[in-house]
Every structure is written in structure tokens, then in C-alpha cells.
Amino acid sequence: MKQAVLDTNFIMSCAKQKIDFFDEIKFLGMKILIPEEVIEELKKIKETGKKLHSRKTAELSLKILEKNEFKKIKLNEKNVDKGLVKISRKNKEIFVATLDKELKRKIKNQKIVIKGRKKLELSN
């Protein structure tokens with residue numbers, strides 16, 4: 001089964017734009033993987049985010065994660081982006097869901113991105 005690993009900014013953007021990313025990714029036939037480090041980043045933003053809307057979006061993101069099924073993974077890397085690059089290099093079959101331009105450039109695997117503010121799309 002194909003697998004998709006989700007980045008923090010992807011989850012928060014989907015929550016903010018009311019995109020049901022769990023359903024859409026499952027519809028694509030993929031299993032969802034979320035690094036523990038991403039969940040920790042969301043918790044940290046919820047508690048100490050500089051902007052109120054960022055804290056609220058992180059809180060909403062965490063609630064969405066609580067209500068859905070996914071597999072937790074460990075990146076074993078302090079920097080989430082480095083961990084995502086490493087995991088994508090180890091497994092060429094894994095899809096990375098991110099909006100980070102620098103990360104998209106570094107990752108050679110297929111990516112899942114937001115298209116037109118309402119839909120998810122696969123890209124190279």
C-alpha cells in the first residue's frame with residue numbers, strides 16, 4: 001500500500017482551508033503516516049504560537065488528528081524537515097505532503113500539495 005507522510009504546514013493549511021485531507025488521501029489509496037515530531041510541533045504552536053490564528057489552527061489540527069486514524073512514526077531527527085528528507089530517500093515509494101518550497105525542492109519523491117485552495121494534487 002502506498003504511504004503518505006504529512007508535514008506540519010500541510011496539516012495546518014488543510015485545517016485552515018477546511019480540506020478533508022484524511023478522506024482525500026485515503027481515497028488516493030494511501031495510508032497516512034504522521035511523525036511524532038510533527039504532532040509535537042503542533043502542540044508547541046498551540047501553546048506558544050506568536051499569532052492567535054496560528055494557535056487556533058494548531059488546536060484545530062490536533063482535534064482533526066484525534067478524530068482520525070493514522071500511523072505514528074518517529075523521524076529520529078530534531079529537525080522535522082531533515083527527517084522528512086531522510087525518510088523520503090530511504091523509501092522512494094513514500095509520498096510527502098508538504099507546502100514548504102525548500103522541502104519540495106530537496107525531496108525527489110512524489111508530493112501531495114494543495115491545488116486551488118480546496119483540492120489535493122499529486123506532483124513530482
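The values are calculated or read from the model by the stated rules, or taken from the named source; none is laboratory data. On a predicted model such as this, the values are computed, not experimentally measured, just so you know. Cβ atoms come from the backbone with ideal geometry, glycine included; neighbour counts cover every protein chain shown.
Residues in the range 34-60 that are more than 13 Å from Gln3 (Cα to Cα) and not in a helix (DSSP H, G or I): Gly49, Lys50, Lys51.
Just one of (1) over 15 Å from Ala97 (Cβ atoms); (2) crowded, with 20+ Cβ neighbours inside 10 Å; (3) hydrophobic (A, V, I, L, M, F, W, C) fails for Leu62. It is (2).
Which of the residues belonging to the range 1-33 are assigned to a helix (DSSP H, G or I) and buried (at least 19 other Cβ atoms within 10 Å of the Cβ)?
From the range 1-33, those assigned to a helix (DSSP H, G or I) are 8-16, 21-27; that's our starting set.
Residues satisfying the conditions are Thr8, Phe10, Ile11, Met12, Ser13, Cys14, Ala15, Phe21, Ile25.
Scan the range 37-52 for residues that are within 17 Å of Phe10 (Cβ to Cβ) and exposed (fewer than 15 other Cβ atoms within 10 Å of the Cβ) and jot them down. Correct list: Glu40, Lys43, Lys44.
Table: residues versus (1) of a type in the set (D, E, K, R); (2) in contact with a helix residue (DSSP H, G or I) (Cβ under 6 Å, 6 or more places away or on another chain).
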position: Lys72; (1), (2): yes, yes
position: Asn79; (1), (2): no, no
position: Ile87; (1), (2): no, no
position: Lys90; (1), (2): yes, no
position: Phe95; (1), (2): no, no
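Inside the range 81-101, residues that are buried (at least 16 other Cβ atoms within 10 Å of the Cβ) and assigned to a helix (DSSP H, G or I) make up a count of 6. Each residue in the range 61-80 was checked for being assigned to a helix (DSSP H, G or I), free of Cβ contacts under 8 Å to residues at least 60 places away in the same chain and under 14 Å from the mean Cα position of the chain (by Cα), and 4 of them qualify. Comparison of Phe10, Phe70, Phe27 shows that the only residue that is in contact with a Leu (Cβ under 6 Å, 6 or more places away or on another chain) and among the aromatic types (Phe, Trp, Tyr) is Phe10. Quick check: anything in the range 56-67 aliphatic (A, V, I, L, M), out of contact with any Asp or Glu (no Cβ under 9 Å at 6 or more places or on another chain) and farther than 15 Å from Thr8 by Cα? No; the residues of the range 56-67 include none that is aliphatic (A, V, I, L, M), out of contact with any Asp or Glu (no Cβ under 9 Å at 6 or more places or on another chain) and farther than 15 Å from Thr8 by Cα.
Take the residues of the range 70-124 that are among the small types (Gly, Ala, Ser) and at pLDDT below 90: which is nearest to Lys26 (Cα to Cα)? Break it down stepwise before answering.
So the first thing to find is which residues in the range 70-124 are among the small types (Gly, Ala, Ser), and the list is 83, 88, 97, 116, 123.
Filter once more, keeping what is at pLDDT below 90: 116, 123.
Working: Gly116: 20, Ser123: 17 Å.
It comes out as Ser123.
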